[in-house]
Structures are given as C-alpha cells and as structure tokens.
1. Given Cα pairs under 8 Å that are at least 6 residues apart, what percent is the relative contact order of segment 31-102?
2. Taking the alpha-carbon set of segment 88-179, what are its Rg and Dmax in Å?
3. If you stretched the chain out fully between Ser118 and Glu37, how much longer would it get, using 0.36 nm times the residue separation minus the C-alpha to C-alpha distance?
4. Each residue of segment 47-52 in order: what ³J(HN,Hα) in whole Hz does its phi give by Karplus 6.51 cos²θ - 1.76 cosθ + 1.60, θ = phi - 60°, with x for Gly and Pro?
5. Sort Arg28, Arg9, Arg134 by Cβ crowding within 10 Å, fewest neighbours at the top.
6. Can you list residues whose amide H is under 5 Å from Val42's amide H, if they're 5+ apart or on another chain and H is modeled 1.01 Å from N?
7. Can you give the charge dipole size of the chain about its Cα centre, rounded to the nearest 20 debye, using +1 on the beta carbon of Lys and Arg and -1 on the beta carbon of Asp and Glu?
8. Mean-square fluctuation check for the chain, GNM, Cα pairs under 10 Å: which of Tyr155, Tyr203, Tyr62 is largest?
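Nothing in this text is a laboratory measurement; each read-out follows from the coordinates by a stated rule. Here the structure is a predicted model, which is why all the values come from computation and not from measurement. Cβ coordinates were reconstructed from backbone atoms using ideal geometry, including for glycine residues, and neighbour counts include every protein chain displayed.
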Amino acid sequence: MNYFNALTRQDLLIYGLGFFAQSLFGARTIIQWIKSEREGRVVSPTVFWIFSLGGSFLFLIYGVLRNDIVILFGQTISFYIYIRNLQLKGFWKRIPPVLQIIILPLPVLLLMWIALFSPASFEMIFDRADFTDRFIIIGSIGQLLLNFRYLYQWYHSEKVNESILPLGFWVISAVASVMVVMYGIYRHDPVLLVAQGLGLIAYLRNIYWSVVKLPRSSIRGK
C-alpha cells in the first residue's frame with residue numbers, strides 16, 4: 001500500500017500509458033477469443049495484428065519511460081513480426097506507401113531519439129539491465145519466449161503462406177506469461193502483472209480449444 005501512496009503524477013501517467021497499450025493487447029485477445037468461439041476453432045483475424053502493432057509501439061514508449069531493457073528488446077522484435085503477419089494477411093499492401101515508410105522505422109527512431117536528446121535516460125536503461133539478477137534473467141527469458149512464440153508462429157505461417165496461430169504458440173505464451181508475472185512482481189509493475197495475468201486465462205482457453213476440442217490439423221487461421 002505504501003508503494004501506491006508514493007506514486008507521483010508522472011508515475012500515474014506512465015502507468016496509464018502502459019495500461020492503454022496493454023488494453024490494445026487485451027482487446028486483440030478478446031476479439032480473437034470471440035471469433036474462435038464462434039467458429040469453433042482457433043483463428044487469426046487481421047484485427048488481432050493491427051491492435052498488436054499499435055500496442056507494441058505504445059508499449060515501447062512505456063519501456064523507455066520505465067527504463068526497462070526487457071520490454072524494449074522484446075517489443076522491438078515483436079513489432080516487425082506483427083508487420084509480417086499483416087503482410088501475410090494482405091492488409092499491409094492496403095496501407096498507403098507513405099504511411100508504411102513512417103511505420104517501419106518507428107522502434108529504431110524512438111531509440112535514436114532517446115539516445116540523442118536524452119542520453120542520461122538512454123544510459124539508465126542499460127545501467128539497470130543487471131543480467132546477474134535472477135529476476136532480470138527470468139523476466140528476460142519470459143520476454144524472449146513471448147517473442148519466440150511469434151518467430152514460431154511466423155515459421156508455421158510461412159510454411160502454409162497464411163497467418164495462423166498454432167498450438168505451440170499458446171503453450172509458449174502461457175509459460176512466458178507466468179515468468180513475466182514473476183518479473184512484474186519484482187519490478188512492482190502493475191501493468192505487467194495485470195496484463196500477463198489476464199492474458200494467461202486466454203492462453204489456457206486457446207490451448208483447450210486446440211487440444212481438447214479440435215484435432216491439431218485443424219488449427220488454422222482465417
């Protein structure tokens with residue numbers, strides 16, 4: 001309770017940004033969940049990837065403000081995997097070329113902006129990255145898994161030339177979610193705690209759909 005009483009207005013604004021970014025991630029999961037329930041199978045709707053891309057950039061900003069190397073590293077990788085899925089969905093080519101040029105370098109431009117105009121904050125990001133701390137290691141592995149799931153998903157999507165969400169994606173998500181919750185407790189980060197805690201419910205539900213309700217061969221996107 002003392003921790004929350006000590007929060008400043010700036011802290012609340014930063015957490016507000018983090019929760020808004022996570023609300024986009026939450027919305028994508030709810031939409032995907034509803035569509036899967038309606039169709040009786042795991043699906044990969046285009047809006048899932050649109051919300052993912054928007055949430056990823058906002059969470060990158062949150063990571064910078066929180067000086068969190070784990071978030072920055074993870075979301076930079078995810079950002080480009082989301083774009084690739086939009087390409088597989090055929091949605092990316094519908095975006096005007098000028099807007100594509102603006103979107104593509106956003107993570108890199110964000111880090112360059114911080115390095116050039118706020119070098120102290122940039123240095124603090126790496127100063128706080130103590131990879132000898134077991135919770136930093138757990139958080140890093142969890143975040144790596146959250147990104148690896150998209151590399152896994154990307155690999156399987158490329159094999160069928162279609163954006164899909166295979167069973168392994170949800171299993172990796174569930175394991176990573178538990179690890180990030182542990183890291184969030186260590187960091188006193190309510191955004192990570194709430195987001196990954198709720199996300200775990202959806203991950204387990206999709207595992208249920210994939211294993212109990214359906215044969216694996218039918219786990220395809222639409």
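1. Across segment 31-102, relative contact order equals 27 percent.
2. Here Rg and the maximum Cα pair distance are 17.6, 46 Å.
3. Going from the current span to full extension adds 24.5 nm.
4. Working through the residues one at a time gives 4, 4, 7, 5, 5, 4 Hz.
5. Starting with the residue having the fewest Cβ neighbours, the order is Arg9, Arg134, Arg28.
6. Under 5 Å from the amide H of Val42 lie the amide H atoms of Arg220, each far enough along the sequence or on another chain.
7. Dipole about the Cα centre, nearest 20: 1020 debye.
8. Highest fluctuation of the listed residues: Tyr155.
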